[in-house]
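Below is one structure, written out as structure tokens; the observations come after it.
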Amino acid sequence: MNVTLLSTGGTIASTDADSGPRPTQTGAQLLEAVPELEAHATLTVEDVAQVPSYELDAATLETIGERVRELDADPTVDTVVVTHGTDTMEETAYYLDVTVRQETPVFLTGAQRRPDEVSPDGPSNLLTAVRAGRAFVERDAGGTFVAFDEEIHSGRAVTKAHTSALEAFDDAASIREAFASAD
């Protein structure tokens, strides 16, 4: 399975700096933290943006959407994973689901804890997104989803329910454990 990871910044890519946490890690650095991903997919990385999600603007959102459209048209891409800050992840998921309407499964993921904190959740969330991608490809299911805390949520219905808890996202139509057979 071929996965393209679009890195956009957010807590998953942030480290502590003099002026506070800022996205400093590239998509390639995020993947290096999860070597077991190679057992699930062949990964290609593109750094699209390097911003905290509260600074994500309309131009960046449109850039993400355009790149997802291009990847959807590429028959060699099976799944797209977008690393993203959690503050505006639900808005980006909704935007992609409503405006792009791709056939390729797209999973947004991020982190509540930075990579330089104790027990960062970004690596687990990345693994969840890639494993879910495999399961959705096997089921020929496309669309936009949020993969977070070992759960999958509909891009159209997801909401950030908690500002700091690891189980930050919820939706009325949660697709729990949809990827369990991907192991």
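Does residue 142 satisfy being crowded, with 24+ Cβ neighbours inside 10 Å and either under 11 Å from the mean Cα position of the chain (by Cα) or farther than 17 Å from residue 37 by Cβ (or both)? Write out each step before concluding.
Details: crowded, with 24+ Cβ neighbours inside 10 Å: no; either under 11 Å from the mean Cα position of the chain (by Cα) or farther than 17 Å from residue 37 by Cβ (or both): yes.
It is false that residue 142 is crowded, with 24+ Cβ neighbours inside 10 Å and either under 11 Å from the mean Cα position of the chain (by Cα) or farther than 17 Å from residue 37 by Cβ (or both).
Please list, ordered by residue number, the strands (runs of 3 or more DSSP E) wholly in segment 39-127 having 2 or more residues that are in contact with a Lys or Arg (Cβ under 8 Å, 6 or more places away or on another chain), farther than 28 Å from residue 163 by Cα and touching a residue at least 60 places away in the same chain (Cβ under 8 Å). Working first, answer last.
On the way: elements: 42-51, 79-83, 105-109.
Hits in segment 39-127: none.
Would you point out the residue of segment 19-35, among those that are touching a helix residue (DSSP H, G or I) at 6+ places or on another chain (Cβ under 6 Å) and farther than 16 Å from residue 4 by Cβ, that is surrounded by the most Cβ atoms within 10 Å (Cβ to Cβ)?
23
Which condition breaks for residue 77 when tested against (1) out of contact with any Ser or Thr (no Cβ under 7 Å at 6 or more places or on another chain); (2) surrounded by fewer than 19 Cβ atoms within 10 Å (Cβ to Cβ); (3) under 28 Å from residue 135 (Cβ atoms)?
For residue 77, the failing item is (1).
Of the residues 144, 92, 128, 109, only one is over 21 Å from residue 54 (Cβ atoms) and among the hydroxyl-bearing types (Ser, Thr, Tyr); which? Outline the logic, then answer.
Values: 144 fails: over 21 Å from residue 54 (Cβ atoms); 92 fails: over 21 Å from residue 54 (Cβ atoms); 109 fails: over 21 Å from residue 54 (Cβ atoms).
Unique residue meeting the criteria: 128.
Each value in this text was obtained by applying a stated rule to the coordinates, not by laboratory testing. If you're wondering where the values come from, they're calculated on a predicted model, not measured in any experiment. When we count neighbours, we look across all protein chains shown, and the Cβ atoms used for this are built from the backbone with ideal geometry, even at glycine.
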